[in-house]
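Inspection log for the structure reproduced underneath, given as structure tokens.
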Amino acid sequence: MTERSSTWVTTPPSARPWPLGVADDAARIDIIGLTKRFLTPKGEPFTAIQDVTLAVEPGQFCAIVGPTGCGKSTTLAQVSGLDKPSSGSVQVGGHIVDGITNGVSYMFQADALFPWKSVLQNVLVGPVLLGTPKKQAESLAKDWLRRVGLSGFEDRYPHQLSGGMRKRVALAAALINNPRILLMDEPFGALDVQTNAIMQTELLGLREELRPSVLFITHDLDEAVALSDRVVIMTSGPGTVKDIFDIDLPRPRGDVPTLRHEQRFIELQTQIWESLRDEVPRAYERTAGVAA
Amino acid sequence: MSAMVQQGTGMTSVDTARAELMPVQPESELQASARRARTRSIIWVWVGRAAVAVFVIGGWQLFTQLKWVDSFFYGQPTKIWDSLVTLFTEGTAFGSIWDQLWVTVQEALLGFLFGSIAGVIAGILLGSNRYLSNVFSPYIKILNSIPRIVLGSIFIVAFGLGIFPKILLAGVLVFFAVFFNAFQGVREVDQNLVANVRVLGASPFQVARHVTIPSAMTWIIASLHTAFGFAIIGALVAEVLGAQKGIGLIISQSQGRFDPNTVFACMAIMAVFTLGAEYLITLLERSVLKWRPPVRSEAQSI
Ligand SMILES: Nc1ncnc2c1ncn2[C@@H]1O[C@H](COP(=O)(O)OP(=O)(O)OP(=O)(O)O)[C@@H](O)[C@H]1O
Ligand SMILES: [Mg+2]
């Protein structure tokens with residue numbers, strides 16, 4: 001908490017705490033022996049993730065895949081500082097996370113736009129909370145809406161947008177603060193294939209510009225391979241890291257749909273699928289067992 | 001965008017063929033016919049309303065005229081009208097009717113104002129702080145279970161016949177109506193949104209300003225409609241219990257004189273005032289909640 005006040009509140013928001021497009025050591029994420037237990041409604045402890053160890057280099061794009069309920073969202077919540085680990089720790093830029101991590105943007109699994117704010121105001125929230133003057137924040141927000149292709153929609157309310165447009169607003173709202181660390185929880189999960197491909201290409205381009213470290217949760221292996229430098233496979237019961245794959249596809253990668261047909265892409269995708277294959281039915285049986 | 005432009009200018013052969021078969025209504029005509037349909041439905045609503053009024057008031061007049069019911073006990077519309085005229089031309093035993101109305105309106109409005117402000121603040125505080133709500137909830141339940149008319153007597157004994165005890169009773173009635181809604185509204189806040197602003201570095205105060213209050217607003221505004229009715233009830237009941245001025249005093253005096261017509265006349269006066277206030281609350285609701293999707297798609301689609 002003291003660390004955040006020294007970097008965020010005292011520096012004027014106009015002077016960005018870190019330069020654009022350069023990943024420095026402060027963007028490093030180290031997850032060390034992270035364990036999280038929840039109390040079930042019956043009062044019994046339930047271990048969601050156990051001993052997860054994982055490092056994300058500054059500026060790296062790291063995807064997490066794993067069967068449903070294996071603790072991916074839980075891991076992200078610990079990194080953001082919204083939740084406290086039961087044991088182990090998360091370090092960002094060498095500092096242990098305690099309270100909200102500074103310089104983080106989080107795109108949630110569920111829609112998290114403010115229904116009572118217009119599109120512009122939704123994107124504006126980030127800078128306004130940092131104390132940016134209204135005028136400056138507004139022009140910044142307009143610029144971001146243009147970048148995600150939503151110029152002319154500033155005055156609409158979220159319920160007047162399509163699902164894909166809402167995700168683009170959320171993306172603009174997440175990137176406007178130039179985050180050091182971008183946490184994305186299945187951001188494009190609910191979109192149709194075409195929109196999904198557009199969003200992925202868009203994300204790749206924007207990421208090249210800002211170079212945040214990214215933790216990206218997805219169910220879609222193609223998406224994981226196409227976007228990331230590293231894919232982490234998690235297994236359930238309780239959630240642990242099973243495998244880590246480094247994706248050596250050259251960057252910039254350009255168009256995601258074309259990438260899918262490249263030889264190396266298919267190789268990597270197959271390897272990851274092999275690793276994941278046994279886990280999916282196991283995880284399913286486990287949750288089915290709980291329900292029965 | 002480009003797709004829309006294409007649709008507007010170039011037509012495929014299938015489209016042209018269809019256009020020849022079925023004359024397409026131009027946009028302006030569609031709009032005009034939608035407007036006509038809306039005007040027509042509004043007219044019918046007002047015709048229905050007038051019919052209900054004629055039926056009820058006319059029936060009442062008829063029954064009392066034919067002596068099927070005794071107008072001495074139940075009043076009669078024409079006599080109520082006479083009383084209204086008398087009230088406004090000759091005034092009352094305690095001064096002009098405008099004086100009395102102003103006193104009651106003042107009590108109701110001040111009670112409404114203080115009651116709803118206190119209700120909103122208490123609701124948001126207790127709704128967002130589990131410790132406070134656990135500590136206070138039994139007391140609030142106890143207070144809420146006290147019959148309000150008893151409270152009215154207590155206030156009048158304690159604070160005399162002035163306007164303060166009336167404001168207090170109206171305020172208490174309003175408070176509970178607003179409090180429970182504000183409390184529930186805060187409890188229903190989408191935790192995703194709270195997490196969203198917390199990650200962006202919001203202080204607890206900013207969380208309240210950006211998430212909790214706007215999201216509870218739907219609930220709070222909904223409660224203001226009923227709360228305003230309670231404010232009037234509070235002011236009138238307290239005046240009936242004991243007052244030196246006010247519509248409630250006229251009502252209790254007329255009751256003593258077996259004059260139901262004046263009582264009904266007072267009710268009519270308060271009804272007009274309440275309708276006006278209700279209209280203002282609806283305007284407020286529209287402007288504060290303009291972000292809400294329309295309940296039915298009538299508004300935007302034709
Ligand atoms: N607040 C909580 N209380 C109790 N158990 C919880 C809580 N949050 C999560 N869990 C449990 O922890 C496990 C991991 O949940 P998590 O949301 O991290 O899964 P996930 O990997 O994100 O799944 P999905 O891919 O379906 O989103 C689940 O079994 C879930 O039931
Ligand atoms: Mg999840």
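Let's test the formula: R0 of 51 Å, r as the Cβ-Cβ distance of residue B:141 and residue A:193. What FRET efficiency results, to the nearest 0.05? Intermediate values should be presented prior to the final figure.
Values: r = 54 Å, r/R0 = 1.06.
Computed FRET efficiency for residue B:141 and residue A:193: 0.40.
What is the calculated FRET efficiency for residue A:267 to residue A:40, with r their C-beta to C-beta distance and R₀ = 51 Å, to the nearest 0.05? Could you put the intermediate results ahead of the total?
Numbers: r = 42 Å, r/R0 = 0.82.
That gives a FRET efficiency of 0.75.
Summing Lys, Arg as +1 and Asp, Glu as -1, what charge do residues with Cβ under 12 Å from the Cβ of residue A:161 carry, residue A:161 excluded?
Local charge sum for residue A:161: +1.
Per the helix-only calculation at 222 nm, which mean residue ellipticity applies to chain B, given -39500 (n - 2.57) for every DSSP H run of n ≥ 4 and division by its residues, nearest 500 deg cm²/dmol? Intermediate values should be presented prior to the final figure.
Numbers: 14 runs with 239 residues, N = 302.
My calculation for chain B gives -26500 deg cm²/dmol from helical runs alone.
Using only DSSP helix segments of four residues or longer, with each worth -39500 (n - 2.57), what per-residue ellipticity at 222 nm results for chain A after dividing by its residue count and rounding to 500? Kindly include the intermediate steps, with their values, before the conclusion.
On the way: 9 runs with 104 residues, N = 292.
Mean residue ellipticity at 222 nm (helix-derived): -11000 deg cm²/dmol.
Roughly speaking, what is the centre-to-centre gap between segment B:36-106 and segment A:196-234 when only Cα atoms are used, to the nearest Å?
With segment B:36-106 and segment A:196-234 each reduced to a Cα centre, they are spaced 70 Å.
Step through the residues of segment B:31-48 one at a time and calculate ³J(HN,Hα) from phi using the Karplus curve (6.51 cos²θ - 1.76 cosθ + 1.60, θ = phi - 60°), rounding each to whole Hz and writing x for Gly and Pro.
Ordered by residue, 3J(HN,Hα) equals 4, 4, 5, 5, 5, 4, 4, 5, 4, 4, 5, 5, 4, 5, 4, 5, 4, x Hz.
Of the options B:163, B:120, B:265, report the single residue whose Cα projects farthest towards the positive end of the charge dipole of segment B:76-293 (beta-carbon charges: Lys, Arg +1; Asp, Glu -1).
B:120
For segment A:13-291, how many pairs of lysine residues have a Cα-Cα distance under 22 Å, where the two are 8 or more positions apart or belong to different chains?
Number of lysine pairs found: 13.
Sketch the reach of a paramagnetic label on residue B:65 as a point 7 Å from Cα along Cα-to-Cβ, and name the residues of segment B:78-97 whose backbone nitrogen lies under 11 Å away.
Taking a point 7 Å out along Cα→Cβ of residue B:65, the residues of segment B:78-97 whose backbone N falls under 11 Å are B:78.
Whose amide H sits under 5 Å from the amide H of residue A:31, counting only residues 5 or more places off or on another chain, with H placed in the peptide plane?
A:54, A:55, A:56, A:91
Rounded, prolate or oblate: which fits chain B when a ≥ b ≥ c are the square roots of the eigenvalues of the alpha-carbon gyration tensor, with rounded for a/c under 1.5 and prolate only if a/b beats b/c? Don't skip to the end; give the middle numbers.
Numbers: a/c = 3.34, a/b = 1.31, b/c = 2.55.
It comes out oblate by the Cα gyration axes.
Would you please give the FRET efficiency between residue B:53 and residue A:209, computed as 1/(1 + (r/R0)^6) with r the Cβ-Cβ distance and R0 = 60 Å, to the nearest 0.05?
On the way: r = 67 Å, r/R0 = 1.12.
Efficiency, rounded to the nearest 0.05: 0.35.
Starting from the Cα of residue A:260, move 7 Å in the Cα-to-Cβ direction to define the label point; list residues of segment A:171-192 whose amide nitrogen is under 18 Å from there.
So the set is A:187-192.
Tell me, B:114, A:108 in order of fewest to most beta-carbon neighbours within 10 Å? Walk me through the intermediate numbers first.
Details: B:114 18, A:108 23.
The most exposed by this proxy come first: B:114, A:108.
Rounding to the nearest 10 and keeping the result within 0 to 90°, find how far the Cα-based axis of helix B:213-241 lies from the longest principal axis of chain B.
On a 0 to 90 degree scale, this one is about 20.
Give me the distance in nm between label points sitting 7 Å out from Cα along the Cα-to-Cβ direction at residue B:45 and residue B:99, one decimal.
About 4.1 nm separates the two model spin labels.
No value in this document is a laboratory result; all are computed from the given coordinates. Small disclaimer: the values here were computed from a predicted structure and weren't measured. For neighbour counting, all protein chains shown are included, and Cβ atoms are generated from backbone atoms with ideal geometry for every residue, glycine included.
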